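Participant: This is the structure, below, for whatever I ask next.
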Amino acid sequence: MSNQGALTGHGPTASGTSLTLAHSSPYSMTMTITIRPETRSDEGSIEQVTRRAFLSHPHSHQTEQFIIRALRADHALSVSLVAEDAGRVVGHVALSPVAIGEGVSGWYGLGPISVEPDLQRRGIGRALMERGLAELRKIGANACVLVGDPAFYIHFGFANNPALVLEGVPQEFVLSLSLGTSSAHGNVQFHPAFQAKG
């Protein structure tokens, strides 16, 4: 997943942060995207966007929408943001607490993150990532961890940390970003909602 769009921030609005995304292609188009917290009325749209975004993903079991639903039901969606274009939800990012060993707090897991398939590679995912990390900093998070492609997430400061292990996941795909001064080592445990199947 890479960014092929230009992103211009216009600052916070009543409903979030407004961004203009200009897509560089022979069929150039400009969208005004608002990144804002989810509302109850967004829940169905978030599930549909997530389902479509992961439908053809080679490493997905198509359970991502169920994970978000289970996180929400357990009040574990610490940050849940949507990307909206002209009133239509076109992207979403979820952040939830993770456990790492004993005595470690303030760590969060990023994901799932999704963008409508026909709108990918236009900067929407980047905008969601940046706003999500900004929200973590606001709540005093110490760090963020995710499972993903290092070639993409390195642009946000994420890197592999050999001291962190996630059972069943190749080490090179376990990435973290420090947001504070604390460090951690041990087994990463995402919220039990990540086992949701339906």
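The values are calculated or read from the model by the stated rules, or taken from the named source; none is laboratory data. Predicted model, so just to flag it, every value in this text is computed and none were measured. We place every Cβ from the backbone using ideal geometry, glycine too, and count neighbours over all the protein chains shown. Remember, those area values only see protein heavy atoms, side chains included, never the ligands or the DNA or RNA. Shrake-Rupley method; radii C 1.70, N 1.55, O 1.52, S 1.80 Å.
Participant: How much accessible area per residue does the chain have, in Å², with a 1.4 Å probe?
Facilitator: Numbers: 9880 Å² over 198 residues.
So the chain comes to 50 Å² accessible per residue, rounded to a whole number.
Participant: Moving on to the next point. What does the accessible area of residue 45 come to, in Å² to the nearest 10, when a probe of 1.4 Å is used?
Facilitator: For residue 45, the solvent-accessible surface is approximately 50 Å².
Participant: Give the carbon-plus-sulfur fraction of the accessible surface of segment 55-144 in %, rounded to a whole number; probe 1.4 Å, heavy atoms of protein chains only.
Facilitator: Details: 1810 of 3780 Å².
Its accessible area is 48 percent carbon and sulfur atoms.
Participant: Now for a separate question. Angle, helix 43-54 long axis vs. longest principal axis of the chain, Cα atoms, 0 to 90°, nearest 10?
Facilitator: Between the helix axis and the principal axis of the chain, the angle is about 80 degrees.
Participant: Magnitude of the Cβ-charge dipole of segment 107-185, K/R +1 and D/E -1, about the Cα centre, nearest 20 debye?
Facilitator: 300
Participant: Something else about it: Heavy atoms only, 1.4 Å probe, whole protein assembly: order 158, 190 by accessible area, highest first.
Facilitator: Greatest to least solvent exposure: 190, 158.
Participant: Could you tell me the accessible area of residue 79 in Å² (1.4 Å probe, neighbours in place), rounded to the nearest ten?
Facilitator: Accessible area, nearest 10 Å²: 10 Å².
Participant: May I ask for the angle, rounded to the nearest 10°, between helix 64-73 and the longest principal axis of the chain, with both axes built from Cα atoms and the value confined to 0 to 90°?
Facilitator: 70
Participant: What translational diffusion coefficient, in µm²/s and rounded to a whole number, does the Stokes-Einstein relation yield for the chain at 4 °C and a viscosity of 1.567 mPa s, taking the hydrodynamic radius as the Kirkwood radius over Cα pairs?
Facilitator: D = 76 µm²/s.
Participant: Any idea which of 147, 180, 136 is furthest toward the positive side of the dipole for segment 66-198, if Lys and Arg beta-carbons carry +1 and Asp and Glu beta-carbons -1?
Facilitator: Towards the positive end, the residue furthest out is 136.
Participant: Still on this structure: If each DSSP helix of 4+ residues adds -39,500 (n - 2.57) and the sum is divided by the residues in the chain, what number results at 222 nm, nearest 500 deg cm²/dmol?
Facilitator: -6000 deg cm²/dmol
Participant: Karplus couplings for segment 155-171 from phi (6.51 cos²θ - 1.76 cosθ + 1.60, θ = phi - 60°), rounded to Hz, Gly and Pro as x?
Facilitator: For segment 155-171, the Karplus-derived couplings read 5, 9, x, 6, 8, 6, 10, x, 7, 10, 10, 10, 3, x, 10, x, 3 Hz, x marking Gly and Pro.
Participant: Rounded to the nearest 20 Debye, what is the dipole magnitude of the chain about its Cα centre when Lys and Arg each give +1 and Asp and Glu each give -1 at the C-beta? Numbers along the way, then the final one.
Facilitator: On the way: 14 positive and 16 negative charges, 57 e Å.
My answer is approximately 280 debye.
Participant: Taking the chain as a Gaussian network, where each spring joins two C-alpha atoms under 10 Å apart, which residue of 61, 92, 185 fluctuates the most?
Facilitator: Ranking 61, 92, 185 by mean-square fluctuation puts 61 first.
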